[in-house]
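These notes are about the structure you will find just below.
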Amino acid sequence: MRVPELLAPAGSREALTAAVQNGADAVYLGGASFNARRSAPNFSAAELERAITYAHIRGVKVYVTVNTLVAEEEMEEALRFLRFVYESGADAAIIQDIGLLRLARGALPELQLHASTQMTVHNAEGAAFLGEAGISRVILARELTLNEIKVIKETTALEIEVFVHGALCVCYSGQCLLSSMVGGRSGNRGVCAQPCRLPYTLVDEKGAVPESEAAGEYLLSTRDLNYARHIPALAAAGIDALKIEGRMKRPEYVATVVRIYRCLLERLAAGNFFVAPEESAALAQIFNRGFSTGYLFGRPGRSLMNMQRPSNRGVPLGRVIAYDRSGRLAEIKLTLPLRLGDTVEFWVSEGGRVVTRVERLLVEGREVLHASPPAVAEVAAVGGIRPGDRVFKTEDAALVHDARTSFSGAERKEIPLRFRVTLSEDQPCMVRVEDREGNCGEGFTHTPAVRAGNQPLTRETLKAQLGRLGGTPFRLAELDGPIAEGLFIPKSELNAARRAAVNQLERKRSRVPEKLPDAVFAKRVRGLFLTAVHGVSKPFLSVACADLAGVSAALEAGADRIYYGGEFREGGPDQEDLAEAAARVSSKNRELYFLTPRITKDNELKVLVDGLRTAGGGGAGVVAGNLGLVRALGRETGFIIWADYYLNVFNTQAAAFLQDHRVKGAALSPELNLYRVAAAASRSPLPVEVVAHGLLPLMALEYCVVGGIMEDQTESERGCAVKCRGKSYALKDRMGALFPVYTGTDCRAYIFNSRELVMLAHLPALVSTGVAGLRIEARTRDAAYVFRVTSAYRKGLDAVVTGAALDFTGLEEELTGKENITRGHYFRPARRQADLEPPSSG
């Protein structure tokens with residue numbers, strides 16, 4: 001069976017060394033900007049070059065993460081960084097921004113590009129679309145099952161990469177706006193504050209749901225992925241690379257996880273696959289929030305989550321049977337070994353957690369270095385500890401020591417070399433080294449060989465001298481060549497020739513390409529950047545509705561364009577509803593676009609396109625929610641494709657990319673401020689719109705929040721009881737803010753902002769950006785709301801266009817009362833990637 005590549009995280013130089021020394025085939029790492037883990041130490045330009053050289057010499061590939069959205073004013077800098085990545089010898093760049101993809105393919109066709117999981121690729125159409133656009137590898141969404149992954153692999157010619165171990169986002173990657181909208185720290189810009197790891201309570205119309213309080217506080221906190229036991233199935237599915245998450249993790253974690261997965265892959269190659277108990281124990285001990293196989297075998301329900309604890313839980317060590325408050329000693333009935341230097345955590349019933357490092361360990365009153373079950377061990381600890389409290393070992397000192405030794409001690413990588421020595425009298429000695437890939441290097445002595453008075457060179461002495469390769473990953477595996485007897489050359493000369501040969505070999509293994517001539521690069525870039533300045537003086541007013549009553553209300557109130565679809569509500573529109581909506585809109589001589597979901601698995605996509613073809617006929621407008629739909633709809637004749645804001649159109653290059661693929665217009669990312677909206681609108685080759693009003697969806701989840709909390713185990717085994725239907729639910733945070741939760745007909749959950757976006761008071765500023773359209777998001781609202789809000793915006797927009805006097809602030813207050821509203825990102829400062837501060841590690 002073909003063995004997949006093992007891809008490891010390298011958030012720091014130490015983590016890079018840990019990954020390489022413990023058997024990674026490739027590493028992924030980021031520079032100071034444009035990467036999705038800004039809180040990691042990362043690498044400066046000089047450090048990045050050294051990292052690539054270090055890895056390549058040891059036969060390890062390097063993929064550089066450039067996996068954030070890029071603002072208009074950052075595009076040239078991002079492209080220069082990609083050029084630097086290429087010229088430094090990186091094997092690929094991992095990217096998210098479709099605009100940067102367009103630039104990179106035009107300016108740097110030699111650079112291999114991988115599609116980040118932030119691109120939300122979850123169907124074969126989307127993968128194929130990116131392949132046609134120049135992507136060589138796709139990192140799939142973590143919400144796919146093994147069968148769905150297999151279909152994508154079988155129907156595309158792309159390399160497929162999947163996450164197999166580490167942290168799991170509860171939301172589809174690339175679709176989360178929670179940290180961005182609530183705290184101004186965008187996950188799409190590399191500074192996610194992880195609000196999903198904070199406490200929430202599920203509430204309905206009556207208050208807190210009892211099942212929520214019983215489930216735990218951390219309702220959005222997932223367990224960690226662990227696919228260790230399923231590597232044979234992943235390999236059989238044709239997956240090309242197995243990815244370990246963890247650029248924020250310490251190097252000891254990287255060393256431990258990579259070492260174990262390397263062993264598993266070697267057993268797979270040998271046809272003797274198994275996971276040893278001590279390996280499972282080590283994976284759990286080094287870090288875990290509880291483990292899960294995620295969606296690999298279907299929707300896991302509540303077993304995906306760890307609602308009791310959002311951080312490392314360690315492994316169960318035992319229970320407290322007594323606590324001496326005067327002596328501050330806890331007696332623990334052990335279920336695992338305990339040693340001096342280990343760190344333990346008491347889960348006390350009051351006051352949270354008590355953490356202590358074991359500095360003193362007693363068994364039966366005697367001080368010991370270690371204790372094993374079923375002994376009762378006494379450990380010094382201070383806090384509200386009581387008998388019955390559970391105890392967890394959160395750090396095993398011996399495991400951490402062994403891990404640290406693996407990357408801080410002697411070189412562990414071994415690359416065998418063949419030495420060929422040419423030694424003849426009166427000639428300089430030539431030392432030639434060659435690796436198994438055919439890379440070679442040569443060195444020569446400065447002085448010729450002479451007849452030895454005593455101690456002539458022999459094969460044995462040559463082997464001993466040339467084999468001194470300390471500080472390198474190389475070892476002398478073979479020595480041959482024409483070696484005359486009875487000759488002498490000083491050892492210092494041999495050492496110098498060996499060093500010269502090895503240095504030359506290292507340069508060849510480094511695989512640094514030739515610098516791209518500035519003139520060539522400039523010629524390629526010329527014409528890629530868009531400079532045309534234009535705008536729209538009279539934008540259209542669009543309204544997104546979920547039902548026919550909303551459609552009629554929007555038309556009556558003056559909407560120019562209707563977006564119709566029910567992704568966020570029960571019982572989405574059927575064929576008759578679509579046809580009726582088309583008739584109503586046509587009778588008013590307005591535009592109709594059918595909305596599509598941002599997530600459409602392969603089995604859903606074909607049904608959706610068939611339905612749109614039947615309902616729309618020729619000339620139907622469709623708002624595409626994902627790249628797969630862009631491709632599928634683009635093959636059809638008659639569809640007018642508009643890209644939704646789910647596609648993260650963050651710059652004019654992204655708009656140009658979509659235009660290249662038959663898209664006629666796009667909604668801009670709601671993470672843009674007014675300055676960036678104006679920059680995009682003025683240069684975009686496509687008409688663009690923005691969301692001006694409504695509740696914005698902040699998260700799209702394959703996991704049903706309501707079902708996961710309210711379903712008991714018996715119900716889960718029988719199947720979903722659909723308890724999410726018929727009631728309104730929300731997640732309540734620590735500050736009392738309510739985030740509405742909707743479950744679509746696809747049983748995916750959507751979490752909305754606690755505050756409604758309202759830009760009515762600032763309508764003149766929004767119109768002055770030159771956007772082609774303003775959207776009202778009303779898919780979760782009734783017809784009365786649709787009519788009231790659309791009427792207000794119609795009145796305001798007409799006043800802006802005609803120059804009529806209007807109190808916009810008063811109009812907004814009349815509509816909303818100025819309660820619980822937000823301006824989104826529109827008035828937030830335009831901060832460049834280099835100026836973004838990463839969130840604190842806490």
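State the answer as a single residue: which of PRO373, CYS440, ALA410 lies farthest towards the positive end of the charge dipole of the range 358-447, with beta carbon charges of +1 for Lys and Arg and -1 for Asp and Glu, about the Cα centre.
The listed residue farthest towards the positive side: PRO373.
Putting +1 on Lys and Arg Cβ atoms and -1 on Asp and Glu Cβ atoms, find which of CYS192, TYR826, LEU329 reaches farthest to the positive end of the dipole of the chain.
The residue sitting most towards the positive pole is LEU329.
Given the C-alpha centroids of the range 638-706 and the range 255-316, what is the distance between them in whole angstrom?
Centre-to-centre distance over Cα atoms comes out at 38 Å.
Viscosity 0.890 mPa s, temperature 25 °C: Stokes-Einstein D of the range 509-586 from its Kirkwood Cα radius, in µm² per second? Present the calculation step by step, with values, prior to reporting the outcome.
Values: Rh = 17.2 Å.
Stokes-Einstein gives a translational diffusion coefficient of 143 µm²/s.
Given GLN96, PRO573, GLY471, which one lies farthest toward the positive end of the charge dipole of the chain, if we put +1 on the Cβ of every Lys and Arg and -1 on the Cβ of every Asp and Glu?
So the residue we want is GLY471.
Among 345-356, 642-653, how do they line up from the highest to the lowest mean number of other beta-carbon atoms within 10 Å?
Numbers: 345-356: 15.6, 642-653: 26.8.
Ranked from most to least packed, the peptides come out as 642-653, 345-356.
Sum up the charges of everything whose Cβ sits under 12 Å from the Cβ of TYR218, counting Lys and Arg as +1 and Asp and Glu as -1, but leave TYR218 out. Each step should come with its number before you reach the end.
Numbers: positive: ARG197, ARG223, ARG289, ARG309, ARG313, ARG734; negative: GLU217, ASP733.
It works out to a net charge of +4.
Within the set of other residues whose C-beta is less than 14 Å from the C-beta of VAL607, count the net charge using Lys and Arg as +1 and Asp and Glu as -1. Walk me through the numbers before you get to the answer.
Numbers: positive: LYS601, LYS606, ARG613; negative: GLU125, ASP574, ASP602, GLU604, ASP610, ASP746.
So the surrounding residues net to -3.
My understanding is that a pair violates if its Cα-Cα distance is over 21 Å; which of LYS523/LYS664; LYS538/LYS664; LYS249/LYS601; LYS243/LYS515 do that in this structure? Kindly include the intermediate steps, with their values, before the conclusion.
Numbers: LYS523/LYS664 28 Å; LYS538/LYS664 18 Å; LYS249/LYS601 32 Å; LYS243/LYS515 30 Å.
Going by Cα-Cα distance, LYS523/LYS664; LYS249/LYS601; LYS243/LYS515 fall outside the 21 Å limit.
Quick one: if you stick a label point 7 Å off each Cα along the C-beta vector at ALA281 and ARG734, how many nm between them?
3.6 nm
Given the peptides 197-203, 276-282, 555-561, arrange them by the average over their residues of other C-beta atoms within 10 Å, most packed first.
Details: 197-203: 19.0, 276-282: 13.6, 555-561: 20.7.
My ranking of the peptides, most packed first, is 555-561, 197-203, 276-282.
Between PHE84 and ALA452, what is the label-to-label distance in nm when each label sits 7 Å out along the Cα-to-Cβ direction?
The answer from the label model is 5.3 nm.
For semi-axes √(5λ) of the Cα gyration tensor in Å, pick the label among (i) 55, 34, 21; (ii) 54, 38, 23; (iii) 72, 35, 23 that corresponds to the value derived from the coordinates.
Only one option fits the structure, namely (ii).
Rounded to the nearest Å, what's the spacing between the alpha carbon centres of the range 415-460 and the range 85-145? Just the number, please.
Distance between centres, Cα-based: 46 Å.
Taking each full run of DSSP H in the chain as one helix, which ones are at least 27 Å long along their axis (Cα atoms) and have mean Kyte-Doolittle hydropathy of at least -0.5?
Working: long enough: 251-270 (28 Å, 0.55); 491-510 (28 Å, -1.29); 783-802 (28 Å, 0.45).
Those that clear 27 Å and a mean of -0.5 are 251-270, 783-802.
How do the peptides 600-611, 254-265 rank, highest first, by the average count of neighbouring beta carbon atoms within 10 Å per residue? Write out the running numbers ahead of the final one.
Numbers: 600-611: 16.3, 254-265: 24.1.
Put in order of decreasing packing, that is 254-265, 600-611.
Please report the antiparallel percentage of the DSSP beta bridges confined to the chain, to the nearest 5. Before the final figure, lay out the partial values.
Working: 66 of 136 bridges.
Percent antiparallel among DSSP bridges in the chain is about 50.
With a 1.4 Å probe and every protein chain left in place, work out the accessible area per residue of the range 537-634 in Å², rounded to a whole number.
Working: 3560 Å² over 98 residues.
About 36 Å² of surface per residue is accessible.
Can you tell me the dipole magnitude for the range 401-455 around its Cα centre, using point charges on the Cβ only (Lys, Arg +1; Asp, Glu -1), in Debye to the nearest 20? Let's see the in-between values first.
Working: 8 positive and 9 negative charges, 24 e Å.
Dipole magnitude for the range 401-455 comes out near 120 debye.
How high is the relative contact order of the chain? Use alpha-carbon pairs under 8 Å, at least six apart in sequence, and give a whole percent. Mind dumping the intermediate values first?
Working: 1876 pairs, mean separation 115.4, N = 842.
Contact order relative to length: 14 percent.
Can you give the calculated 222 nm mean residue ellipticity of the chain, where each DSSP H run of n ≥ 4 adds -39,500 (n - 2.57) and the sum is split over every residue, rounded to the nearest 500 deg cm²/dmol?
Values: 26 runs with 271 residues, N = 842.
Mean residue ellipticity, 222 nm, calculated: -9500 deg cm²/dmol.
For a quick check: with amide H placed at 1.01 Å from N, whose amide H comes under 5 Å from ALA10's, ignoring anything fewer than 5 positions away on the same chain?
TYR28
In whole Å, what are the Cα extents of the range 583-642 along the three principal axes, biggest one first?
Projected onto its principal axes, the Cα set of the range 583-642 covers 35, 20, 17 Å.
Assuming 0.36 nm per residue, please report the length gained on full extension of the stretch GLU437 to LYS606 beyond their Cα-Cα distance. Numbers along the way, then the final one.
On the way: separation 169, 0.36 × 169 = 60.84 nm, distance 4.58 nm.
Contour length minus the Cα-Cα distance gives 56.3 nm.
Can you give the accessible area per residue of the range 366-493, in Å², using a 1.4 Å probe?
Values: 6930 Å² over 128 residues.
Per-residue accessible area for the range 366-493 comes out at 54 Å².
Give the Rg/Rh ratio for the range 210-340, taking Rg as the radius of gyration of the Cα atoms and Rh as the Kirkwood radius, to two decimals.
Values: Rg = 18.2 Å, Rh = 17.4 Å.
Reported Rg/Rh, Kirkwood definition of Rh: 1.04.
When every alpha-carbon pair in the range 90-234 is counted, what percent end up more than 24 Å apart?
When every Cα pair of the range 90-234 is considered, 45 percent fall beyond 24 Å.
Excluding SER492 itself, what net charge comes from residues whose Cβ is under 14 Å from its Cβ, given Lys and Arg +1 and Asp and Glu -1? Don't jump to the answer; show the numbers that get you there.
Working: positive: ARG468, LYS491, ARG498, ARG499; negative: GLU493.
Result for the local shell: +3.
Is the range 528-669 best put as rounded, prolate or oblate by its Cα gyration tensor, with a ≥ b ≥ c the root eigenvalues, rounded for a/c under 1.5, and otherwise prolate when a/b is larger than b/c, oblate when not?
On the way: a/c = 1.84, a/b = 1.23, b/c = 1.49.
Oblate, because a/c is 1.5 or more while a/b does not exceed b/c.
Quick one: order HIS122, HIS534 from most to least accessible surface, probe 1.4 Å. Numbers along the way, then the final one.
Details: HIS122 5, HIS534 85 Å².
Sorted by accessible area, descending: HIS534, HIS122.
Take the Cβ-Cβ distance between LYS206 and LYS538 as r, set R0 to 51 Å, and report the resulting FRET efficiency rounded to the nearest 0.05. It would help to have the intermediate numbers written out before the result.
Values: r = 47 Å, r/R0 = 0.92.
Rounded to the nearest 0.05, the efficiency is 0.60.
Determine the relative contact order of the range 231-386: mean sequence separation of Cα pairs under 8 Å and six or more apart, normalised by residue count, in whole percent. Provide the component values of the computation, followed by the final result.
Details: 204 pairs, mean separation 25.3, N = 156.
Over the range 231-386, the number comes to 16 percent.
Suppose every K and R has +1 on its Cβ and every D and E has -1 on its Cβ; what is the size of the dipole of the range 427-546 about the Cα centre, in Debye to the nearest 20? Numbers along the way, then the final one.
Working: 19 positive and 12 negative charges, 111 e Å.
The dipole magnitude comes to about 540 debye.
Report the FRET efficiency, 1/(1 + (r/R0)^6), for ALA464 and SER349, where r is their Cβ-Cβ distance and R0 is 60 Å, rounded to 0.05. If you can, show how the numbers build up before the last one.
Details: r = 66 Å, r/R0 = 1.10.
For R0 = 60 Å, the calculated efficiency reads 0.35.
Using the crude model of +1 on Lys and Arg Cβ and -1 on Asp and Glu Cβ, and no other charge, please compute the dipole size for the range 506-623 relative to its Cα centre, in debye to 20.
Working: 18 positive and 16 negative charges, 264 e Å.
Taking the Cα centre of the range 506-623 as origin, the dipole is about 1260 debye.
The values are calculated or read from the model by the stated rules, or taken from the named source; none is laboratory data. Since we're looking at a predicted model, the values are computed, not measured. Using ideal geometry, Cβ is built from the backbone for each residue, glycine included, and neighbour counts are taken over all protein chains shown. Note: areas computed on protein heavy atoms with side chains; ligands, DNA, RNA excluded. Shrake-Rupley method; radii C 1.70, N 1.55, O 1.52, S 1.80 Å.
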